[in-house]
Structure formats: structure tokens, C-alpha cells
Amino acid sequence: MDRIVILGAGPTGLGAARQLRELGHRNWLLLEKSGWPGGLAASFEDQHGFTWDIGGHVQFSHYEYFDRAMNEFLGESDWFHNERESWIWVRGRFIPYPFQNNIRRLPPDDLYNCLTHLLDVSPAGNAQPDNFRDWILANFGQGIADIFMVPYNTKVWAYPLELMSAAWVGERVAVTDIRRVLHNLVHARDDVSWGPNNKFRFPLRGGTGAIWKACAEGLPQSRLRFSTAVTRIDLEHRRIETADGGEIAYDAVISTIPLPQLIRLAGQSQLQPVAQRGLPYSASNIIGVGLAGSPPEHLRTKCWMYFPEDNCPFYRVTVFSNYSPHNVPDIARYWSLMAEVSESQYRPVDQEGLIEQVIEGMLATQLIVRREDIVSTWKYRAGYGYPTPSIERDAALAEILPFFEANSVYSRGRFGLWKYEVSNQDHSFMQGVELVERLLNGRPEITAHHPNLINSRKHPWPFEHWK
């Protein structure tokens, strides 16, 4: 393998670049259209000194390699350690996540409705439901589906749930243990410990983007080209053209750009109908609200909250000043909330009125009390936010990815591989690492091809499957 060109300086591209450096491969180049690294994991500081991420990122790892890399990028004193508190605002109250384990907090009629339908849930082991909506009903019953699971997921995905596959779920969604539900009900116990990220660390300064800035700074700067947009990929002659008029020859491309854009840049119009059918996606709108004072008591220790109801446009809000005190200009005087709003053809967004709608939603859900406390607002729209696991996704990927690999273009990352189940920062970073190991050393990729295995536990380095 001679010259490798990497497209994109998000976690996947940077993971690939770092592994090329580690293996001593010198003939590579990374192109990034933005002027900074990080991709969807970048961070920004607004004009009032508040730091914002592109959504509520949490540092969690399935890999020893990723842990070591994080420790290399930021020292121990550069992290702020958190205990997860995630909650759901529904029926005018906060209920701990996961919802089904804490339905005891619901009003009596809702509690009875959820319990009676849970009794109808079939034992595990039956055939996989045909779609995500049916999977929800099969695992939670009509009561929990109606109150939380269906409206919340409709908000998140901005896509009809009956057109989504259920094969991606894995550890992403906590299923119901009726004995645990009854135990919590009888003993009046809150159950808040579920999940792979019940403890997490966050960069003390600079937001999530600080990680990827540090990663990029540790790479040979002569091989990084920021503010360089790709305008064409010539598969026949193995040449990349850039917006500044440049031409770059390659032997292999590691592409992290969204698959529909890769298809367009490579001029492969025959693949566009396949992508349109099988690769739907939603945009993410991030609204930051900086506030004077301190969080109210009911938000003082919360990390993030889910909002399934229609009295607000957002599906999740993070108390971002709780992630790190340096996410605000002065923690003694300010705090911050960060809201996420999905957007698609099925769920359009009024961009001009969105900030006002978010503020109204925060008032309606008791996140804020007075408009007068708002000192800063910030808005960011990520055109590609969530890669939707549609029913036709896997068939589309089975046609698109091999075509490009046959032409020495390897598509990985959140929107390059298009597998939401392995699209967190740790997964994305390791996709880049593993692909380089495959290209240079012939080792099989695990994350890209075996999501359930990867998500089942933490993995040593080198992978045990390589021995």
C-alpha cells in the first residue's frame, strides 16, 4: 500500500491518521473541508464565552486502545469526572431513565396502563419484529410505547418508526425486566444505574472538541490540510480534485464523508437511487442557552434529560455546565442548557423561529423560569445528524460499500459506514484504526462488521480475534 488519502478530520479520519503514524507509514495525506478538526465532535465558543458541543456527547469506551488514546490526548488533570443522571420529563414530572424501570413515578392511571400492558409482553426469544415500532410494542407493551417510547423515538429519528429496522438496537435501548419493574414499585426504589455510560469523563476545558484538537496536534502537520474541500474523486485514474484547483493521486482512500456525498463526488449516479431508498438521515439542530445564576435545585445534579411530549421541539436537553464548570465563562455566575432538535422531510423545522420555540419549550418544561436570565443563545445545524437504520439500509450498504472498495475507496465513520449502532466517538475512532490495520497488516475489521460483538464488552488491544 503506497499513498493513502484520508477524507475528513473527525474521529474516524484522525484515528486512521494516528494509526498510520504508529505503524510508521509515511505516505499519507488528510484533507478536511473545515478549518478545524473534530467533525461532529468539534466544539465552539460563542461571543459571550460559553462553550458548546454539537449535541450531548459522552465519553464512553468499548476499547482499551481508545482509553489509552484519550489519556494520551488529554492528561488526567484535563478531565472532569461525572456520574450520569439521565431523566425523562413526562406528565409534568421528572422520571429517572430508563423509563420502564421507574414507572412507579407515573400518575396512577398511567402506571396501571403500563403495568397491564407489560403483562402482555411475550417472553424473549421470539422472532425479531419486522420494524422498530413493532419491536417497541413487543418489548414494552402499548402503555410504555404510547407514553414514552414511540413519541420520544419519533422525535429523535424524525422518521416513521415502522420504516426503521430493529436489528440495530443491541445495547442502545434498555429492554424490560418485569421482575425488576415490580421490585422497584414495591420498594419505592428509583433505578438509575442502567447503561454503558453510567459514569463518564468530559474535557475540563474546550468541550469535546479539545480531544480531537489534541489528537490533530500530535500528528505530522505537513500531512494535514484543513480548509480543503474535495470537488471530485476520479475512480478510474485514482485522482482527487480539490476546490483550490489541486489534484492529488492516491492508491487508497479512507473516506469519512457521508455516503450520498461520496456517490456524488465519484460521479456514480447509478448508486443514487439505492442510497435514496436505503440511507435516510436527519439533520441535528443544536441550541445553546447561556443563563445567569445557578441551576435550580431540580437540575443541580442532572446531566441530560429526554422530552417525548409535544410541548417542546427538543428531544434532549443537556445541563452542559454540569459536564464541566469551564463550559461557562464563570461557574459562580452562569450555567447553561443545550437542546437538540431533529429535522427531516417528515419533521420540518422553522429555522428562523427555532431559538424562540426552544426557549418557550424550556419554560413549558420548567427548565428555566425567567427569560430575563438568558444572557446568550447559540445555534448550529448539522445537515447530517443521525444515520437512520432503515429497513432497507443493510441491502443498500451491501451494494454501495463493496463497489467503492473494489475501486480502493474505503468508506467508514458515522455517515461513511452508516451504522448507527457503531457510530459513537469510540466506535468511529476505532473504525479508522482497524481499517489501517486491515490495509497495512491484513487484519480483519471487527467494529465495522460485528457491531453486537463490539458492544457486548470492553475489548483488549490487540483484539483477541487477531491472535
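Would you mind stating whether Phe66 is more than 29 Å from Gln345 (Cβ to Cβ), open to solvent by 10 Å² or more (accessible area, probe 1.4 Å) and hydrophobic (A, V, I, L, M, F, W, C)?
The answer is no for Phe66.
Listed here are the residues, each with its yes/no results for (1) modelled with pLDDT under 95; (2) of a type in the set (Phe, Trp, Tyr); (3) touching a strand residue (DSSP E or B) at 6+ places or on another chain (Cβ under 6 Å).
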{"position": "Trp335", "(1), (2), (3)": "no, yes, yes"}
{"position": "Ala339", "(1), (2), (3)": "no, no, yes"}
{"position": "Glu372", "(1), (2), (3)": "no, no, no"}
{"position": "Leu397", "(1), (2), (3)": "no, no, no"}
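What do you reckon, is Leu40 open to solvent by 40 Å² or more (accessible area, probe 1.4 Å), out of contact with any helix residue (DSSP H, G or I) (no Cβ under 6 Å at 6 or more places or on another chain) and within 30 Å of Thr228 (Cβ to Cβ)?
For Leu40, the condition - open to solvent by 40 Å² or more (accessible area, probe 1.4 Å), out of contact with any helix residue (DSSP H, G or I) (no Cβ under 6 Å at 6 or more places or on another chain) and within 30 Å of Thr228 (Cβ to Cβ) - is met.
Do you know which residues across the stretch 439-455 are out of contact with any helix residue (DSSP H, G or I) (no Cβ under 8 Å at 6 or more places or on another chain) and within 25 Å of Ala41 (Cα to Cα)?
Scanning the stretch 439-455 gives His449, His450, Leu453.
Filter the stretch 122-172 for residues that are among the hydrophobic types (A, V, I, L, M, F, W, C) and open to solvent by 40 Å² or more (accessible area, probe 1.4 Å); which is modelled with the highest pLDDT?
Of everything passing the filter in the stretch 122-172, Leu163 is modelled with the highest pLDDT.
Would you pick out the residues in the stretch 424-467 that are crowded, with 18+ Cβ neighbours inside 10 Å, free of Cβ contacts under 8 Å to residues at least 60 places away in the same chain and either under 12 Å from Ile254 (Cβ atoms) or not β-branched (Val, Ile, Thr) (or both)?
Listed by number, the residues that qualify are Glu434, Glu445, Ala448, Phe463.
What are the residues in the stretch 403-413 that are within 24 Å of Leu23 (Cα to Cα) and either crowded, with 21+ Cβ neighbours inside 10 Å or in contact with a helix residue (DSSP H, G or I) (Cβ under 7 Å, 6 or more places away or on another chain) (or both), if any?
Val409, Tyr410, Ser411, Arg412, Gly413, listed by residue number.
Which of the residues belonging to the stretch 315-363 are among the polar types (S, T, N, Q) and buried (at least 17 other Cβ atoms within 10 Å of the Cβ)?
Thr318, Ser321, Asn322, Ser324, Asn327, Ser336, Ser342, Ser344, Gln357
Return the residues of the stretch 350-403 that are assigned to a strand (DSSP E or B) and of a type in the set (A, V, I, L, M, F, W, C); say none if nothing qualifies.
Listed by number, the residues that qualify are Ile374, Val375, Trp378, Ala382.
Scan the stretch 193-201 and tell me whether some residue there is under 26 Å from Leu453 (Cβ atoms) and at pLDDT 85 or above.
yes
Are there strands (runs of 3 or more DSSP E) fully within the stretch 236-314 with at least 1 residues that are of a type outside the set (A, V, I, L, M, F, W, C) and open to solvent by 50 Å² or more (accessible area, probe 1.4 Å)? List them.
Here the list reads 239-242, 247-249, 281-292.
Answer yes or no as to whether Arg189 is at pLDDT 95 or above and either of a type in the set (Ser, Thr, Tyr) or surrounded by fewer than 22 Cβ atoms within 10 Å (Cβ to Cβ) (or both).
Here the answer is no, as Arg189 does not meet what is asked.
Under 8 Å between Cβ atoms, which residue pairs at least 6 apart in sequence (or on different chains) link something in the stretch 268-280 that is closer than 22 Å to Trp157 by Cβ and touching a residue at least 60 places away in the same chain (Cβ under 8 Å) with a partner that is open to solvent by 10 Å² or more (accessible area, probe 1.4 Å) and of a type in the set (S, T, N, Q)?
Cβ pairs passing all conditions: Pro280/Ser344.
The values are calculated or read from the model by the stated rules, or taken from the named source; none is laboratory data. Note that the coordinates shown come from a computational prediction; the quantities given were computed from them, not determined experimentally. Don't worry about glycine lacking a Cβ; one is built from the backbone with ideal geometry, like all the others, and counts go over all protein chains shown. SASA here: full protein model, heavy atoms, side chains in, ligands and nucleic acids out. Shrake-Rupley method; radii C 1.70, N 1.55, O 1.52, S 1.80 Å.
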